[in-house]
Amino acid sequence: QVQLVESGGGLVQAGGSLRLSCASSGRIFRITDMGWYRQAPGKQRELVASISGGGNTNYADSVKGRFTISRDNAKNTVYLQMNSLKPDDTAVYYCNADERKWGRNNYWGQGTQVTVSS
């Protein structure tokens, strides 16, 4: 089993910044694809950004140029730096560790609320 512990959410004004952190207990973190998802009330969960074990990144079009995903394998931690935040970024953000390629599960953090006021 993998536990994901998130931190960094909060309430900020439009144009502000936040950095989300996700610490993983996964034993194969270094080769695990990690991602940040978000879900706003009444909407489907969507992928915000992902980073592979090899360091390749992908971003949703809506956050390109504003958000940056990174990882520190020595700390078993993935980050999401969010700049120039907009009210539309308001959502619950979830950390994800995808170990399905190893015959294991797709793991999720508890979710952290990000609220951007106008």
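Summary of the geometry: region 58-113 and region 1-34, compared by the centres of their Cα atoms, lie 6 Å apart. Looking at the chain, the accessible area is 54 square angstrom per residue; that uses a 1.4 Å probe and ignores ligands, DNA and RNA.
Across the chain, how large is the tail of the calculated P(r) beyond 16 Å, expressed as a percent of all Cα pairs? Result for the distance tail: 56 percent. Karplus-based coupling profile of region 84-97, in residue order and whole Hz: 6, 5, 10, x, 5, 7, 4, 4, 8, 9, 10, 8, 9, 10, with θ = phi - 60° in 6.51 cos²θ - 1.76 cosθ + 1.60 and x standing for Gly or Pro. Computed from backbone phi, the HN-Hα couplings of region 59-74 come to 9, 5, 4, 5, 10, 4, x, 10, 10, 9, 9, 8, 9, 10, 5, 5 Hz, rounded to whole numbers (Karplus: 6.51 cos²θ - 1.76 cosθ + 1.60, θ = phi - 60°; Gly and Pro given as x). Its Cα centre serving as origin, region 1-105 has a Cβ charge dipole (Lys and Arg +1, Asp and Glu -1) of approximately 180 debye. In order along region 25-30, the Karplus-derived 3J(HN,Hα) couplings, from 6.51 cos²θ - 1.76 cosθ + 1.60 at θ = phi - 60°, round to 8, x, 6, 10, 3, 4 Hz, and Gly and Pro are given as x.
Of the accessible area of the chain, computed with a 1.4 Å probe over protein heavy atoms only, carbon and sulfur atoms account for 44 percent. If you run the Gaussian network model on the chain, springs between alpha carbon atoms under 10 Å, then out of Ser24, Ser62, Ser70 the most flexible one is Ser62.
The values are calculated or read from the model by the stated rules, or taken from the named source; none is laboratory data. Owing to the predicted nature of the structure, the values given are computational and were not obtained by experimental measurement. All Cβ positions, even for glycine, are placed from backbone atoms using ideal geometry, and neighbour counts span all protein chains on display. Remember, those area values only see protein heavy atoms, side chains included, never the ligands or the DNA or RNA. Shrake-Rupley method; radii C 1.70, N 1.55, O 1.52, S 1.80 Å.
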